[in-house]
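Undergrad: The structure that follows is given in the form of C-alpha cells.
The values are calculated or read from the model by the stated rules, or taken from the named source; none is laboratory data. Given the structure is predicted, the values throughout are model-derived calculations rather than measurements. Note: ideal-geometry Cβ built from the backbone for every residue, glycine included; neighbour counts use all protein chains shown. Accessible surface areas use protein heavy atoms only, side chains included; no ligands, DNA or RNA. Shrake-Rupley method; radii C 1.70, N 1.55, O 1.52, S 1.80 Å.
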Amino acid sequence: MRGLFAIMGTALCLAAGTQAMAGEIKVGEINSYSALPAFTDPYKKGWQLALDEVNAAGGINGDTLVIISKDDGGKPGDALTAANELVAKEGVVMISGSFFSNVGMAVADFAKQKKVFYLAGEPLTDAMIWSKGNDYTFRLRPPNYVQAAMLAQEAAKLPAKRWATIAPNYEYGQSAVAVFKELLQKARPDVEFVGEQWPPQGKIDAGSVAQAIEAAKPDAILNVEFGADLVKLVREGTTRDLFKGRSVVSFLTGEPEYLDPLKTDTPEGWIVTGYPWYSVDTPAHKAFLDAYQKRYNDYPRLGSVVGYALVKSMAAILIKAKSTDTDALIAAAKGISVDTPFGPITYRAADHQSTLGAFIGKTALKDGKGVMVDFQYHSGNDFLPSEADAAKLRP
C-alpha cells in the first residue's frame, strides 16, 4: 500500500481546516488553474467544500483526507511533471482533476504507465474512456458523446439542412465536432456540413472566423468555443449579423462560467448545454447550493459542482476500498454509486464513465444577464451506449 499514513510534506496541503489526525491519506490534484481561472477557481472552491464535509464526517475510515494541488498551466508536459512529483515525492495514493482534454489524455497515459489510479474530472474527449481507455482511468463528467447526443437530438428537429462548425483546434473541439456530425447525420441523412473553422484554443480571430462561416451560407451553426474565445465570437458574430436568421447549437455555453461574461451580449435562443443553478429545484442541489453560498457568499458555477462531486467520488472509492492499493481502488470504483448535487451517479464497470448528466435548454436575456430557459436535465444513462457496447470500444 502506498502512503496510507504518509506524513504531510512541504507542498501545499489542504485538509479540513481542523487539526490533522494521526492518519492521513494523500491524494494528488492537478488542474489548469492559471490557464482558465473562470472554471478552475469555482472548481477549487467546490472540492474544498467537499473535502471539509468528508473530513467532518469522519474522513476515510477515520483517516484525514488530504489533497495536494498543483497547477499544470494548461500544458500536458507540466501536468506530467506535476503527476510524477505527486506520486514519487508526495506519495499520493491517486491523482485527480484535469480540464483540457489533451492534458487529461496525457495524465491518463501516465496513470497507465505508472499503474496509478486517476480520477478525471473535466476532460470531455470520448477517447479517454473508449478508444484509449485504460484500467487505471475513471471519469466524472459526461463525455462529448453524451452532450453531442443531447444537442443533435434537438438539432435534428430544426429545418436547417446546411450546417457549419466552429471549434477550438485540439482534442476536445475535434472530438465534439466529429461525434455531433455523426449523430446528426444519422438522425437526418439530408443534412450536409458546408463549412468548418478551427481557430487555435485561446487565440481566435473572431472576425476572420465569422467571415469564413458567413461565406459558407449555412442554415445553422454548431459552436464549440468557450471562455474568452466565445465572448469574442459572439460579439463579432453579432456585429456582422452572423447569427441573424440562423439556428445555433452550442456546447457548454449555458454554463455560468461562459454565459455570465457575455452579459447583455448574450445571444437569445441558442440551444445549449449548461447549468441553470438559479432554477434547479431538487433537495440534493438545494443542500449543495445552501452550503456553497454560506461558505463563499457566491453562487456556484458548473466547475463548483465538478470539484465537489470529484472529491465526494474519491472519498467514496477510498472508503469502499478500505485500502490505498491501486488494484483495490479500481475494484471499488467499478459500479460504485455516489451522491452529487445533480443526484446519484454510478461509475460504470465496463468503461469507467460516470452517469453524471447535463442540462440542455435555450439561452435568454433576463435583467441584463444571460440565463438558461426551457431546460431539462438528462442523466448520462439516457444517452451513453450500453455497457456491453461501450466495452467493445475500449482497447
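Undergrad: Among Pro385, Leu65, Pro200, whose Cα lies farthest out toward the positive end of the dipole of the chain, if unit charges sit on the beta carbon of Lys, Arg (+1) and Asp, Glu (-1)?
TA: Pro385
Undergrad: Right, another one. Considering only C-alpha atoms, what is the centroid distance from segment 229-262 to segment 318-381, in Å?
TA: 26 Å
Undergrad: Could I ask something else about it? With the full set of protein chains in place, find how many percent of the accessible area of the chain is carbon and sulfur; take the probe as 1.4 Å.
TA: Exposed carbon and sulfur together represent 50 percent of the surface.
Undergrad: If you don't mind, there's one more thing I want to ask. Where the eigenvalues come from the Cα gyration tensor of segment 323-385, what are the semi-axes √(5λ) of the equivalent ellipsoid, largest first, in whole Å?
TA: 34, 13, 8
Undergrad: Eight or more residues apart or on different chains, and alpha-carbon atoms under 15 Å: count the Lys pairs in segment 107-200 matching that.
TA: 5
Undergrad: Right, something else. Which of the lysines could a cross-linker bridge to Lys312, judged by Cα under 18 Å and excluding same-chain residues fewer than eight apart?
TA: The qualifying lysines are Lys26, Lys44, Lys45, Lys286, Lys320, Lys322, Lys334.
Undergrad: Can you tell me which of 247-258, 180-191 comes out highest on packing, and rank the rest after it, using the mean Cβ neighbours within 10 Å?
TA: Per-residue mean Cβ counts within 10 Å order the peptides as 247-258, 180-191.
Undergrad: Still on this model: Along the Cα→Cβ direction, 7 angstrom out, place labels at Lys114 and Asp281. What is the inter-label distance in nm?
TA: 4.7 nm
Undergrad: Can you tell me, using C-alpha contacts under 8 Å and at least 6 residues apart, the relative contact order of the chain as a whole percent?
TA: 18 percent
Undergrad: Right, next: Whole number in Å², please: accessible area per residue of the chain, 1.4 Å probe, ligands, DNA and RNA not counted. Present the calculation step by step, with values, prior to reporting the outcome.
TA: Numbers: 15180 Å² over 395 residues.
For the chain, the solvent-accessible area averages 38 Å² per residue.
Undergrad: Right, here's the next one. Figure the gain on full extension for Gln376 and Lys392 (residue separation times 0.36 nm, minus the Cα-Cα span) and round it to one decimal in nm.
TA: Length difference between fully extended and current span is 2.7 nm.
Undergrad: Report the one residue of Pro283, Val306, Gly335 whose Cα lies farthest in the direction of the positive end of the charge dipole of segment 250-390 (charges on C-beta: Lys and Arg +1, Asp and Glu -1; origin at the Cα centre).
TA: Checking the options against the dipole of segment 250-390, the answer is Pro283.
Undergrad: Quick one: plug the Kirkwood hydrodynamic radius of segment 217-336 (C-alpha pairs) into Stokes-Einstein at 10 °C, 1.306 mPa s, and report D in µm²/s. The partial results should precede the final answer.
TA: Details: Rh = 17.2 Å.
This corresponds to a translational diffusion coefficient of 92 µm²/s.
Undergrad: Still on this structure, I have one more. Whole number please: convex hull volume per residue of the Cα set in segment 116-176, in Å³?
TA: It is 92 Å³ per residue.
Undergrad: Could you work out how far the C-alpha centroid of segment 130-175 sits from that of segment 37-99, in angstrom?
TA: What the calculation gives is 27 Å, centre to centre.
Undergrad: When the convex hull of the C-alpha atoms of segment 189-260 is computed, what volume per residue in Å³ does it have?
TA: Once divided by residue count, the hull of segment 189-260 is 95 Å³.
Undergrad: Roughly what % of DSSP beta bridges within the chain run antiparallel, to the nearest 5?
TA: Roughly 35 percent of the DSSP beta bridges within the chain come out antiparallel.
Undergrad: Which value in deg cm²/dmol, rounded to the nearest 500, describes the helix-derived mean residue ellipticity at 222 nm for the chain, given -39,500 (n - 2.57) per DSSP H run of n ≥ 4 and division by the residue count?
TA: Helix contribution divided over all residues of the chain: -12000 deg cm²/dmol.
Undergrad: Give, rounded to the nearest 20 debye, the magnitude of the charge dipole that segment 105-235 has about its Cα centre when Lys and Arg contribute +1 at Cβ and Asp and Glu contribute -1 at Cβ.
TA: With only Lys, Arg, Asp and Glu charged at Cβ, the dipole is about 240 debye.
Undergrad: Could you run the Karplus curve 6.51 cos²θ - 1.76 cosθ + 1.60 with θ = phi - 60° over segment 60-75 and give me ³J(HN,Hα) per residue in whole Hz, x for Gly and Pro?
TA: Result, rounded to whole Hz: 9, 6, x, 9, 6, 7, 10, 10, 9, 9, 9, 9, 9, x, x, 10.
Undergrad: Please list, or write none, the aspartates and glutamates whose alpha carbon is within less than 18 Å of the alpha carbon of Lys217, excluding same-chain residues fewer than 8 places away.
TA: Leaving aside aspartates and glutamates fewer than 8 places away in the same chain, those within reach of Lys217 are Asp190, Glu192, Glu196, Glu236, Asp241.
Undergrad: Can you list residues whose amide H is under 5 Å from Ser96's amide H, if they're 5+ apart or on another chain and H is modeled 1.01 Å from N?
TA: HN-HN under 5 Å from Ser96: Gly28, Glu29, Ile30, Leu119.
Undergrad: Okay, next question. Given axes a ≥ b ≥ c from the Cα gyration tensor, I'd like to know whether segment 135-223 is rounded (a/c under 1.5), prolate (a/b larger than b/c) or oblate.
TA: oblate
Undergrad: When Rg/Rh (Cα atoms, Kirkwood Rh) is calculated directly from the model, which label among (1) 0.97; (2) 0.94; (3) 1.38 fits?
TA: Identified label for the calculated read-out: (1).
Undergrad: I'd like the Kirkwood hydrodynamic radius of segment 285-347, using the inverse of the mean 1/r over distinct C-alpha pairs, in Å.
TA: Value: 12.7 Å, from the Cα pair sum.
Undergrad: Apply 1/(1 + (r/R0)^6) to the Cβ-Cβ distance of Ala212 and Asn61, taking R0 = 51 Å, and write down the FRET efficiency to the nearest 0.05.
TA: Approximately 0.35, to the nearest 0.05.
Undergrad: In terms of Cα to Cα distance under 22 Å, which lysines are near enough to Lys203, apart from those fewer than 8 places away along the same chain?
TA: Once the sequence-local lysines are set aside, what remains near Lys203 is Lys75, Lys232, Lys263.
Undergrad: Still on this structure, please answer the following. Would you work out which of Val146, Gln185, Gly121 lies farthest towards the positive end of the dipole of segment 112-192, given +1 charges on the beta-carbon of Lys and Arg and -1 on that of Asp and Glu, about the Cα centre?
TA: Value: Gly121.
Undergrad: Quick one: net charge of Gln293's neighbours, Cβ under 12 Å, K/R +1, D/E -1?
TA: On the way: positive: Lys45, Lys286, Lys294, Arg295; negative: Asp290, Asp298.
It works out to a net charge of +2.
Undergrad: Quick check for me: using +1 on Lys/Arg Cβ and -1 on Asp/Glu Cβ, what's the dipole size of the chain about its Cα centre, in debye to the nearest 20? Mind dumping the intermediate values first?
TA: Working: 41 positive and 45 negative charges, 58 e Å.
Value, rounded to 20: 280 debye.
Undergrad: Please state the Cα pair-distance histogram of segment 67-180 with 5 angstrom bins from zero: what percent is in each bin?
TA: Result returned by the calculation: 2, 12, 21, 21, 16, 10, 8, 5, 3, 2, 1, 0.
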